[in-house]
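**Q** Before we start, here is the structure in question, set down as structure tokens.
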Amino acid sequence: MRGPRLRVPCHAHRQAAHARLRCRLLPTARGRKLADDPVALWHHLADRLPLSGKDSTDAAWQAGVLLLVLMASGDTTAGHTRIAELLTGLGWAVNGGRPIDTRTVIGLVAEDVRLLQRVGALVGGWRVPWPGEASSDGAALARASLSS
């Protein structure tokens, strides 16, 4: 059984990356500008979601949008199953026409889920059915992202 998830401060991520890569991680110009403006940072994040996929013709992007829709509704219960069913309904398939499965969905939106869990938009992680429950702030972030 795993212990509780701890939120690791950003400097710990930087230190770990520095040790692994032996280089300095520097914020981008946009990152420096937003560092002291949490509201602008929140909007910047909302404008960039979903992270997965390249554009609206990409299955990963569509899965990310479906995740945001579930979050915006406040109900992510069995999110992986629901997204798999919706992607299959949209015409996506795997390996010769088989319906999209939950493992495929988890891979498609893993980057989005990791980020959303890190910022507290999805809570519970693996202790509750994947991907976790949308926090009230997470639902608001999802709605803002979908409306941008």
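**Q** Using the Karplus curve 6.51 cos²θ - 1.76 cosθ + 1.60 with θ = phi - 60°, what ³J(HN,Hα) values do you get for each residue of segment 86-98, in whole Hz, with x for Gly and Pro?
**A** 5, 4, 4, x, 7, x, 7, 8, 10, 5, x, x, 6
**Q** In addition: For K33 paired with D55, estimate the spin-label separation in nm (one decimal), with each label point 7 Å from Cα along the Cα-to-Cβ line.
**A** 2.4 nm
**Q** Let me ask something additional. Using a basic spin-label model with each label point 7 Å from the Cα along Cα→Cβ, how many nm lie between L90 and R118?
**A** Roughly 2.4 nm, to one decimal.
**Q** Would you grab the residues whose amide H sits under 5 Å from the one on L122? Only those 5+ places off in sequence or on another chain, please, with H modelled 1.01 Å from N.
**A** Excluding prolines and chain starts, which carry no amide H, the hits are Q117, S135.
**Q** Between V94 and residues 5 or more places away or on another chain, which pairs have amide H atoms under 5 Å apart, with H built 1.01 Å from N, and which residues are they?
**A** I100
**Q** Right, next: Can you pull out the trypsin sites (Lys or Arg not before Pro) in segment 33-78 that DSSP calls coil and that have at most 16 other Cβ atoms within 10 Å?
**A** Details: sites: K33, R48, K54; in loops: K54.
Within segment 33-78, the qualifying trypsin sites (Lys or Arg not before Pro) (loop, at most 16 other Cβ atoms within 10 Å) are K54.
**Q** Specify whether the C-alpha gyration tensor of segment 67-148 places it in the rounded, prolate or oblate class, a ≥ b ≥ c being the square roots of the eigenvalues: rounded for a/c under 1.5, otherwise prolate if a/b is larger than b/c and oblate if not.
**A** prolate
Every number here is computed from the coordinates shown, using simple stated rules; none is lab data. In this text the structure is predicted, and so the values were computed from the model without any measurement. Heads up, the Cβs are rebuilt from the backbone with ideal geometry, glycines too, and the neighbour counts pull from every protein chain shown.
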